[in-house]
Amino acid sequence: MRNLGFGMMRLPVLSGPTDFDYEQLNRMVDAFLAAGYTYFDTSYVYHEGKSEEATRKALVERHPRDSFTVATKFPTFLDIPEDRIEETFQSQLDNLGVDYIDYYLLHNIQTVYYDGYDGKGGIVKTTHLFDHAKKWKDDGKIRHIGVSNYPVELMKEAEKYAEIEVIQPPYSMVDRSVKDELEHAKSLDMGVMSYGSIGGGFLTGRYRERPDWPEDDFRFTFYDYFNEPKFSKGQVLLKVMDQIAEVHGVPVGQVAINWNIQCGLVDTAILGASKVHHANENCDAAEWCLSEEEMAVLNAAVEGFER
């Protein structure tokens, strides 16, 4: 896998949630491919299949199939009944306009089926999904099976039912809560695709003061580092990143991306964008490297943030 992947969740929109700005999206896809990166990530639950359709229009219909790899995820959020699994999967192939999917992940399954691992096979209710995935792989409709947002104990259960080749967790300088999952995956030579590398925008340096969002804004709970005391600790981390960014003459967010892909646990950092220049900045992040000394300084700052 290359260092960077393009996440098709943050799509440029004109007004409503599915009114995509295809001129902007097409330019971002083209820029990403031109920079030599080929991995595109989406899911059915992003805009209820519309993100997959946008991937078809901006990527699949405009570029040769062998010039990119694409990943999507089974919509476990929707608790699809057994008799609709095949139908749902076919709709994803149709949405994407492909005969096969390179990486097919079971998405965030614990939110629906998993409520605290009891040591007695908490994944039993989902074994049929792995059975289907293995059949689709045997039929050539998917190339690799993966999981997204699985804790280690659930990953180990999943490994009993299928060969798990890749995982997709959140991982960033302000969220290393899944380090055990990454280390487990690497010990088994699984690929690791991380998302959230820039911490919901926090690690771009955009938020130097706590955002004036409504207190019930989901971002305050989804990204706990926007709350105190983590927010203030994060500002200390950002000052260290500022210094390194200044030395390299790059945006602060590129420091966060580089840290992610140089930490030794991540193969591909998935990055979303809503504007072409953001996509170009993301690609440029992989054109330079942090020194060992800079990595050590950043790691110390990350540990300080976590204390």
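The values are calculated or read from the model by the stated rules, or taken from the named source; none is laboratory data. Remember, it's a predicted structure, so these values are computed and weren't measured experimentally. Virtual Cβ from ideal backbone geometry, glycine too; neighbours counted across all protein chains shown. Heads up: the accessible areas ignore ligands, DNA and RNA and are worked out on the full protein's heavy atoms, side chains in. Shrake-Rupley method; radii C 1.70, N 1.55, O 1.52, S 1.80 Å.
Yes/no matrix, rows are residues, columns are (1) closer than 27 Å to residue 246 by Cβ; (2) open to solvent by 30 Å² or more (accessible area, probe 1.4 Å):
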position	(1), (2)
173	yes, no
187	no, yes
191	no, no
199	yes, no
206	yes, yes
211	yes, no
216	no, yes
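Restricted to helices (runs of 4 or more DSSP H) entirely inside the range 177-259, those with at least 1 residues that are within 20 Å of residue 152 (Cα to Cα) and touching a residue at least 12 places away in the same chain (Cβ under 8 Å) are 179-187. Just checking, does the range 155-171 include any residue being over 16 Å from residue 106 (Cβ atoms) and within 17 Å of the chain's Cα centre (by Cα)? Checked the range 155-171: at least one residue is over 16 Å from residue 106 (Cβ atoms) and within 17 Å of the chain's Cα centre (by Cα).
One line per residue, one yes/no per condition, for (1) touching a helix residue (DSSP H, G or I) at 6+ places or on another chain (Cβ under 7 Å); (2) at pLDDT 65 or above; (3) under 20 Å from residue 163 (Cα atoms):
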| residue | (1), (2), (3) |
| --- | --- |
| 64 | no, yes, no |
| 68 | yes, yes, no |
| 72 | yes, yes, yes |
| 77 | yes, no, no |
| 89 | yes, yes, yes |
| 92 | yes, yes, no |
| 111 | yes, no, no |
| 123 | yes, no, yes |
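When residues of the range 21-48 are filtered for being within 15 Å of residue 64 (Cα to Cα), of a type in the set (Val, Ile, Thr) and open to solvent by less than 10 Å² (accessible area, probe 1.4 Å), how many remain? Of the residues in the range 21-48, 1 are within 15 Å of residue 64 (Cα to Cα), of a type in the set (Val, Ile, Thr) and open to solvent by less than 10 Å² (accessible area, probe 1.4 Å). Here is the figure for the range 135-160: residues that are hydrophobic (A, V, I, L, M, F, W, C) and surrounded by fewer than 17 Cβ atoms within 10 Å (Cβ to Cβ) total 1.
Residues in the range 153-173 that are in a strand (DSSP E or B) and of a type in the set (Gly, Ala, Ser): 1 in all. Going through (1) at pLDDT 95 or above; (2) of a type in the set (Ser, Thr, Tyr); (3) within 26 Å of residue 285 (Cβ to Cβ) one by one, residue 195 falls short only on (1). Take the conditions touching a Leu at 6+ places or on another chain (Cβ under 8 Å), at pLDDT below 95 and crowded, with 20+ Cβ neighbours inside 10 Å and apply them to residue 273. Does it pass? No. Checked against (1) under 16 Å from the mean Cα position of the chain (by Cα); (2) not in a loop (DSSP other than H, G, I, E, B), residue 150 meets all criteria but (2).
Check whether at least one residue in the range 43-61 is in contact with a Pro (Cβ under 8 Å, 6 or more places away or on another chain) and either closer than 30 Å to residue 255 by Cβ or modelled with pLDDT of 95 or more (or both), and report yes or no. Yes.
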